[in-house]
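Heads up: the structure comes next, in structure tokens.
Just so you know, all these numbers are worked out from the coordinates, no wet-lab data involved. Source: prediction; values computed, not measured. Here the Cβ positions follow ideal geometry from the backbone for every residue, glycine too, while neighbour counts run over all protein chains shown.
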Amino acid sequence: MICAGIDAGSRAIKAVLFDSGRREMVASGLADQGVEQERLASELFEKLLQQAGVTRSEVSAIVATGYGRNAIRFADTTVTEITCHARGVHHVVPEARTVIEIGGQDSKVICLEDGGRVRDFAMNDRCAAGTGRFLEMVATRLNMGWDKLSDLARQSKKPALISNMCVVFAETEIIGLLAEGKPLPDVVAGVQNAIATRVAALAGRSIAPPVSFTGGVALQPGMARALQEALSCPVHIVPKPQFTGALGAALSGCRTT
Amino acid sequence: MNAAPRQLTLEQWDEHYAQLRAAGLREAAYGGPLRRHVDRERDFRLQELRFDNSPAALRLWNFLLTENERLREARHRGAKLVGTMKDLGTVPVMAYSLPKVLAFYPDGAWWTPCLMECSDKLQQQADAMGIDASFCPVRAMLPAFQNGEHFPRPDLLVCSTGAVCDDFSAIAQRLEHLGYPVFWWEMPRRRAPSPGEAACVLPGNLAAPRFQVECVRSELERVGRALGEVADVDLQDARLAEGIRAANKVRSLLQALRETVYTSSAAPLPAMEMLVAEMLAIHFCSDREEATAVLAELLATARARTEANAAAVDPSAARVYWVNPVADLRAMNLLEDCGGRICGSDFMFSHALDLIPEDMPPLEALALIALADPMVGPAGDRAGRIVRECRAGRAEAVVVSRIPGASHCAREGEIIRRTVHEQLGIPAIELEVPSVCDAMLPTLASRLQALVETVKSGRTR
Amino acid sequence: MRVWLTSPWIPPDWVKAHGLEPCGIWSAPEFQPGAHALAAGVCPFAEAVVRFAENERDGLFVFCTSCDQLRRGSEAVGLSGQARSFLFNIPATRTPAARKLYAAELKRLSSFLVAGGGVAPEPARLLDSLMFREAQSEPKPAPAGNRVLVAIVGVPLDRSHRGLVEAIEAAGAAVVLDGTENGERAQCVGRPAPALGEDAFDTLSRHWFESIVDVFQRPNRPLYEWLEPRLRERRARGILLWCYTGCDLWRAEAQTLRETFGLPVLLLENSGSTGVSQRDLNRVQAFVETLG
């Protein structure tokens, strides 16, 4: 049985096709998010079908998740991203007990029981500090690609302390630090630490290892290390972290079919 | 008149009201169509809410929404008005024991910005008075006093202090600085008795040192004298005992209502009506006798529906225990929209739902009840009661609703959630509901939906 | 053995009388509000107290009920089981019941201190220590020169934020009144005068209870009665209100301070930074410029 999962996030749409017999993803892809969410999602879905050599009628269920899930009207059902990320991570890392997902505009900490059931969760979707948005702002300000930031952070000798809790004011603070001559790698590493600190505060005392790190921001090297320091425990990046939500959606489809 | 339970929009209620009237509906003097509150009082929020379709619910809403009128009429008749602040449920029992005295909670103005969808401008006015949005929505009370457009100025203001939340305490102090004298009384922070210390058993399965009960009793004696001066009548034990009996009638009705609704397999009444009904416990919505009648009718409706297996909410809904009242009533509709139902509640005044002992001196009994306030002692005690009630209501999840700016929410949520996990193993989340939550509906819905998904996936195991 | 106090209204004399060393938490070098990640709504000061108590292995801790954040913070420490801690119920009112409550809390604290290694105080020695305690007199205002004279009120100024006073001076002002919680209000509690029929404990209890001057009192008129003559005599032209984000009790007084004294008030709210932030420095400079 093939099920499709579509994660309509705030910055990108991710989709996977999952074969429940083989217990693996047979296709995955992503596209930039835009105003016509449903059309973009539909095009991505068609592309995956071609990639996997599968027809639409062979897909038993389409499940949408993420910020824009209700706009994907061709989906059979919707499931929240908390449940989907939990299921997605559990499939790939069955022993995970805490999932940290940092996306473009939100961050989540999800506590799992044995068997991958969600026990508890906390979300920050009201404030950009502690999300990928902070890194995007820095990249824009430094006129470089988001993915180049991690190269810089790696070179840091002494990460800067970013004190502002608000991304808007933190931007001013960063400009000030650069004007004072603070090395760029230290500033970028400081931003990573600030995000990790906010996520650690969101988690409170609920962290139970093993901790799995997922979401688009997990792709940035250095962030896992920053989280490890903030949480004082090892943090492991889930393979293909940007697809866990879509994978979890597809798994949800397999459950209900 | 015995239609199957449904939740109606305001528009649907217009039509339903006409049908009820045609069928011979008899109402109290404050009755009438809900629509009039939008037209006359600018309670625009009613246009976004869904209401239970029973005549009992209609009576409840009309009772709630006509309180300010009732207070003004009482003032006109020469009654004395006592504004009781912070202490939820004890001083009003004393006030209502006196003839021609009504007590009400000025703090109740916290719902005005919600009901009027901020057209009241109370929040902006509070900003200008130096109390901004970082304080809890009770700040709406300050300009409500100043502009006199909501409740009349009370003849006496009584406020508990000590073991109370900071933001409320700060707002009440600001009120005093603005020229409203306040009669303050001390509430000690409840603690467990030390080994060998004389102890008292409090309602709600709690204990406190005898010393603390004595402290509160002597403070309530002082309050009683102040009330007596306002009423020009001594608040003697006999009066107080009668007042306690009358209050206990209300409390008994509420207990029965909670039991009927919360333990039922299919909720006979929706969450929003239950929240409003429970609020009657604290000061009887300024009419103790009528509050008793309103609750009796609600209870009869709930019982009849339970017997007929008639559910107001989907029977397969996730059973959710709700902690803390919401600044926007719409959140209670949202819970049900997301597939949940309420099976228990702690709206911060569980002590006002317990019966006041009638077999001891009245002031002593009131001191015991006042000390049993969940907000006065450790959050662990509160969590303990929540766990017991979760078991009774077969809760599958707990929602701790944070009140924006409320100082107690910073830490107690974590303690409550941890206790619930450890003792019940059910999910517990926190979410924050502002006075008008429209902009946050998607994020609130995500959280509640995720909680319901978690609950329902657990059911298939 | 050190006893860490979170309020100046828990008499240090009483702790000393038990043979223990009282220390205000704000004096500890390790105490750093602003150094910890904060959950939503948690005050940086209260969080720092909780973390300090959890990590402090050797001393005893006395929390207080003067604010909700500290009151509930003590529960968090209790749950972690790390510290030997006590929650002292400081009354908010000055009613007869409140006075008895304060005295009872001192006795209860005594049991805690004895259990923690202290010695039950002997009445005669207690009386001696009260009579002969060093009473700090109020500072005489220094010649101001051209400086703008300001007062600072609010929560304790801990070591990590003492730089604020230097920043104020660098901006061209002079702090002529330190009305912070660990400033003159508590430092200048005088020597008690025993009343007839009172034993040493009663004297201590009454004296300290009546000396409390703080924002959490209800009504908090004593705070304003304390501030008024001092602001006037020392010719302060502005008030810096120092507190933390989440400190509702002080933040709510900003407008009342303005209205009561007719002076400009600058609210300096620390949301969790160690040291004095650039933002605060800018505000102080701008404030002094407007007063100048």
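Numerical summary
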quantity	calculated
Antiparallel bridge percentage (DSSP; both residues within the stretch A:108-257; nearest 5)	60
Mean Cβ count within 10 Å, highest first, over the residues of peptides C:59-67, C:183-191	C:59-67, C:183-191
For B:Glu273, C:Glu289, order by how many other beta-carbon atoms lie within 10 Å, fewest first	C:Glu289, B:Glu273
Distance-filtered residues of the stretch B:392-412 - backbone nitrogen under 16 Å, label point 7 angstrom along B:Lys456 Cα→Cβ	B:396-397
Cut-off 13 Å, label 7 Å out along Cα→Cβ of C:Glu166, residues of the stretch C:252-292 by amide N	C:275-277
Nitroxide proxy distance, nm - points 7 Å out along Cα→Cβ at B:Ala192 and B:Glu289	4.7
Dipole of chain C, positive end: most advanced residue of C:Ile25, C:Ala53, C:Cys188 [Cβ charges, Cα centre]	C:Cys188
24 Å Cα-Cα threshold exceeded, pairs from A:Lys47/A:Lys148; C:Lys16/C:Lys107; A:Lys148/A:Lys240	A:Lys47/A:Lys148
Cα centroid of the stretch A:43-65 to Cα centroid of the stretch B:303-341, whole Å	38
Spin-label pair B:Ala29/A:Arg11, simplified geometry with 7 Å Cα→Cβ offset, distance in nm	6.4
Net lengthening on full extension, B:Asn309/B:Asn147 (0.36 nm per residue, minus Cα-Cα)	53.5 nm
For chain C, with +1 on Lys and Arg beta carbons and -1 on Asp and Glu, the positive-most of C:Trp250, C:Ser85, C:Cys43 along the dipole	C:Trp250
Most mobile listed residue (A:Phe121, A:Phe169, A:Phe134) in chain A, GNM with C-alpha springs under 10 Å	A:Phe169
Label-point separation, B:Asp237 to B:Glu69 (7 Å along Cα→Cβ), nm	4.3
Alpha-carbon centroid distance for the pair the stretch A:196-247 / the stretch B:99-168, whole angstrom	43
Other protein chain Cβ atoms within 10 Å, averaged over every residue that makes up C:34-45	6
Total lysine pairs whose alpha carbons fall under 30 Å of each other in chain B (8 or more apart, or interchain)	7
Chain C: most fluctuating residue of C:Pro192, C:Pro96, C:Pro11 per GNM, C-alpha cutoff 10 Å	C:Pro96
Within chain A, longest stretch free of exposed GluC sites (Glu not before Pro) [DSSP loop, at most 13 other beta carbons within 10 Å]	A:96-179
Net +/- balance of residues flanking A:Ala31 in space, Cβ distance below 14 Å, scoring K and R +1, D and E -1	-2
Residue order, fewest to most surrounding Cβ atoms within 10 angstrom, among B:Val320, A:Val109	A:Val109, B:Val320
Environment charge at B:Cys215 (Cβ cut-off 10 Å; Lys +1, Arg +1, Asp -1, Glu -1)	0
Among beta bridges that DSSP assigns inside chain B, antiparallel share in %, nearest 5	20
Global form of the stretch B:400-446, assessed from the alpha-carbon gyration tensor, a/c cut-off 1.5	oblate
Residues of the stretch A:130-157 with amide N under 12 Å of a point placed 7 Å along Cα→Cβ from A:Leu178	A:137-145
Packing-based ranking, highest mean first, of B:159-170, A:142-153, C:197-208, B:291-302 given that Cβ atoms within 10 Å are counted	B:159-170, B:291-302, C:197-208, A:142-153
Test item: Cα-centred dipole of the stretch A:1-126, Lys/Arg +1 and Asp/Glu -1 on Cβ, debye	60
Rounded Å value of the spacing that divides the Cα centres of the stretch B:27-90 and the stretch C:3-18	52
Bins of 10 Å from zero: percent of alpha-carbon pairs in chain B	4, 21, 32, 28, 12, 2, 0
Residue (of B:Ala128, B:Leu363, B:Gln146) at the positive-pole extreme of chain B, dipole from beta-carbon charges	B:Leu363
Per-residue average of Cβ from other chains inside 10 Å of B:130-141	3
Other protein chain Cβ atoms within 10 Å, averaged over every residue that makes up C:247-260	6
Around B:Ile369: net Lys/Arg minus Asp/Glu count, Cβ-Cβ under 13 Å	-2
Computed Kirkwood radius, in angstrom, where 1/r is averaged over Cα pairs of the protein assembly as shown	30.6
Anisotropy class of the stretch A:102-200 from Cα gyration tensor, a/c 1.5 cut	prolate
Compactness of the stretch B:1-144 as Cα Rg over 2.2 N^0.38 Å, two decimals	1.20
Cα gyration tensor shape for chain C, rounded if a/c is under 1.5, else prolate or oblate	oblate
Dipole magnitude of the stretch A:1-46, debye to nearest 20 (Cβ charges: Lys/Arg +1, Asp/Glu -1, about Cα centre)	200
Fewest-first sequence of C:Leu268, B:Leu368 by Cβ atoms within 10 Å of each Cβ	C:Leu268, B:Leu368
